[in-house]
Amino acid sequence: METELIQLSVWEQLTQEAMKYISKTPTVALIIFATWFLSRIAVRIAVGAGRIAKTDPAVVLLITSSIRFVAWIFGFTAIFNALGLTQIALTLGGTVALVAMSLATGLNTIPQDLLAGIFLITDEDFTVGRVIKTAGLEGTLKQVSIRKTKIVDNEGHLHVIPNR
């Protein structure tokens, strides 16, 4: 008889805890919809700005992926807060910050290459087919991408130079 009372109280506690979270389902659904909707708007703005600026599609893809990632991190943090799981929300935010800092530290040459590549691609004086002199070498500009520049020297050798 005593075990029935204990089991019943455990079952009642479980039901009460479940009802707390079930009652917050509309809020969670609203947060998911808002995150999806706002991230789509932000991505469309970024794609439109990329078209206007005639930005390399690789850069636009990088930016839109970053926008989606950040939007969903904020969305999940808001969901955890709405459910009363603030410890998980804080942990998620802290983890993302640490990952971002480690990536920024370990991959610091990539942003340098990307920024330099963007400036080189948009520079009208730096077009394919022109003869240029850079990094102690002179040759014809073969290709400019976000991360590297390809130059063919007078002897026909292809040289790949990072943009930073």
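Scanning the stretch 124-133 for residues that are modelled with pLDDT under 80, out of contact with any helix residue (DSSP H, G or I) (no Cβ under 6 Å at 6 or more places or on another chain) and either surrounded by 10 or more Cβ atoms within 10 Å (Cβ to Cβ) or under 23 Å from Asn154 (Cβ atoms) (or both) returns a single hit, Asp125. Going residue by residue through the stretch 151-164, is there one that turns out to be touching a Gly at 6+ places or on another chain (Cβ under 6 Å), in a helix (DSSP H, G or I) and free of Cβ contacts under 8 Å to residues at least 40 places away in the same chain? So far as the stretch 151-164 goes, no, none of its residues is touching a Gly at 6+ places or on another chain (Cβ under 6 Å), in a helix (DSSP H, G or I) and free of Cβ contacts under 8 Å to residues at least 40 places away in the same chain. Taking the listed residues Leu90, Leu98, the one that is at pLDDT 80 or above, more than 16 Å from the chain's Cα centre (by Cα), aliphatic (A, V, I, L, M) and over 16 Å from Ile161 (Cβ atoms) is Leu90, with no other qualifying. Is it true that some residue in the stretch 150-160 is among the small types (Gly, Ala, Ser) and farther than 23 Å from Ala29 by Cα? Yes, that holds for at least one residue. Out of Ile63, Ile41, one residue alone is at pLDDT 90 or above and β-branched (Val, Ile, Thr). It is Ile41. The single residue among Ala89, Ala78, Ala116 that is on the phi < 0 side of the Ramachandran plot, surrounded by 14 or more Cβ atoms within 10 Å (Cβ to Cβ), in a helix (DSSP H, G or I) and touching a Pro at 6+ places or on another chain (Cβ under 9 Å) turns out to be Ala116.
The values are calculated or read from the model by the stated rules, or taken from the named source; none is laboratory data. Please read these numbers as outputs of a predicted model, since none were measured by experiment. Note that we place each Cβ from the backbone using ideal geometry, even for glycine, and neighbour counts take in every protein chain shown.
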